[in-house]
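Working notes for the structure below.
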Amino acid sequence: LAKERGRNNWQMFTDAINVAAAERMALESSLRRALEAGELVLEYQPQVELGAGRVVAVEALVRWSSPQRGIVAPSEFIPVAEESGIIVDLGAWVLDTACRQLHEWKTAGLGPVQMAINLSGRQFRDPQLPERVARALERHAIPPGCLELEIAESCVMTDAGESIERLTRLKAMGLHMTVDNFGIAYSSLNHLKRLPIDKLKIDRSFIRDLPEDADAAAIAATIIAMGRSLDLTVVAEGVESEEQLAFLRTRGCTQIQGHYFCPPLPARGCTHFLATRPRLALD
Ligand code: C2E
Ligand code: MG
Ligand code: MG
């Protein structure tokens, strides 16, 4: 009887794995189709410099609106794209679309604003990345200094030596490099000091609990101080309240991104935002 039950458990277990694998494959193939069918769109979220209250950059964030699945969050499909390799084509599409949009804004006189693009680990490690970026910039007549690449701390910190080489190459092209989701991957200070980067983006998990949570407050303040002493720009993401803004500002954080100023917007909405609120009154 026990043996029988063991077999049943095993059966249920393998069934569950098969179902999960089948779902995963279905998601993968509909994502592939989505890319070709034009179901992906970019939204854009402004980053505001606190000094002048000016929008200094806009981050491109990909969205998938699927006729079958509804709105699928990037946290759901980016990992699938990453594991299946779809990220290569998806990333190329993001780069092209964001550069085209930036060109449109510049032509309309809505600059000077940088475009920030997220790269996953696989994109960052792609030996052809510099060439792909160079071609997209050329295609849309975008100077390299107008493009910022965001790479998660966890990606930058694996393979320290190789990361430095890759970052150096991208920086030499004139691009700006940002370490995204900073503070959760245990970077050593020594390592951070050696990275050729321009900006640290404090992970949203620390911002969320400001200013009440003593640990989050200590970590955010430490990252800001550390960034400043290394001559890096420090930006906080996920800022939602006046209190969070006040905390960050008094600690010396110079750039802010979050719903407090502006959520990610569809292209037209962002065009409107840039046209009507290039400078925000901050006090
Ligand atoms: P991320 O780059 O750290 O982006 C910040 C996330 O925080 C975005 O989530 C944004 O919508 C959200 N956010 C911004 N302000 C606030 C706020 O005030 N409150 C709250 N609660 N959330 C806020 P989203 O758009 O769901 O993107 C999730 C992640 O997916 C991104 O994290 C990024 O790692 C990845 N991703 C998005 N677009 C791309 C892309 O084009 N390529 C790659 N490789 N990854 C992407
Ligand atoms: Mg980002
Ligand atoms: Mg982030």
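Using only alpha carbon pairs under 8 Å that are at least six residues apart, calculate the relative contact order of the chain and give it in whole percent. About 18 percent, as a whole number.
For the chain, the longest principal axis of the C-alpha atoms and the axis of helix 242-251 are separated by about 60°. Summary of the geometry: the stretch 97-140 and the stretch 40-79, compared by the centres of their Cα atoms, lie 14 Å apart. Expressed to the nearest 5 percent, the antiparallel share of DSSP beta bridges inside the chain is 45 percent. The long axis of helix 87-107 is offset from the longest Cα principal axis of the chain by roughly 30 degrees.
Using the Cα gyration tensor of the stretch 126-275, with a ≥ b ≥ c the square roots of its eigenvalues, what is the shape: rounded (a/c below 1.5), prolate (a/b larger than b/c) or oblate (neither)? Note, shape of the stretch 126-275 comes out oblate. Distant-in-sequence amide contacts of SER66, defined by a placed amide H-H separation under 5 Å and a gap of 5 or more residues or a different chain, comprise ILE71, VAL72.
Surface composition of the stretch 48-148: carbon plus sulfur atoms hold 53% of the accessible area, using a 1.4 angstrom probe and ignoring ligands, DNA and RNA. 3J(HN,Hα) along the stretch 17-34, derived from phi through the Karplus expression 6.51 cos²θ - 1.76 cosθ + 1.60 where θ = phi - 60°, amounts to 5, 5, 5, 4, 5, 5, 4, 4, 5, 5, 4, 4, 6, 6, 5, 4, 5, 4 Hz, with x in place of Gly and Pro. Taking the longest Cα principal axis of the chain as reference, the axis of helix 74-84 is set at about 60 degrees.
Amide H contacts of VAL58 (H built 1.01 Å from N, in plane; Pro and chain starts excluded): GLN47, GLN114, MET115, ALA116 sit under 5 Å, all sequence-distant by 5 or more or on other chains. Full extension of the segment from ALA218 to ARG268, taken as 0.36 nm per residue of separation minus the current Cα-Cα distance, would add 14.1 nm.
Among the listed pairs LYS171/LYS201; LYS171/LYS199; LYS106/LYS201, a Cα-Cα separation exceeding 21 Å is found for LYS106/LYS201.
Based on Cα contacts under 8 Å between residues 6+ apart, the stretch 126-223 shows a relative contact order of 23 percent. Amide H contacts of GLN255 (H built 1.01 Å from N, in plane; Pro and chain starts excluded): LEU50, VAL234, ALA236 sit under 5 Å, all sequence-distant by 5 or more or on other chains. For the stretch 14-92, the set of trypsin sites (Lys or Arg not before Pro) satisfying both a DSSP loop assignment and a count of at most 16 other C-beta atoms within 10 Å is given as ARG69. At the residue level, THR158 shows approximately 80 square angstrom of accessible surface with a 1.4 angstrom probe and all protein chains present. Note on the chain: Cα-Cα pairs beyond 35 Å make up 22% of the total pair count.
Our summary gives the stretch 138-283 a relative contact order of 17 percent, counting only alpha carbon pairs under 8 angstrom and 6 or more residues apart.
The values are calculated or read from the model by the stated rules, or taken from the named source; none is laboratory data. These numbers were taken from a predicted model, which means no experiment stands behind them. Cβ atoms come from the backbone with ideal geometry, glycine included; neighbour counts cover every protein chain shown. Heavy atoms of the whole protein, side chains included, go into the accessibility calculation; ligands, DNA and RNA do not. Shrake-Rupley method; radii C 1.70, N 1.55, O 1.52, S 1.80 Å.
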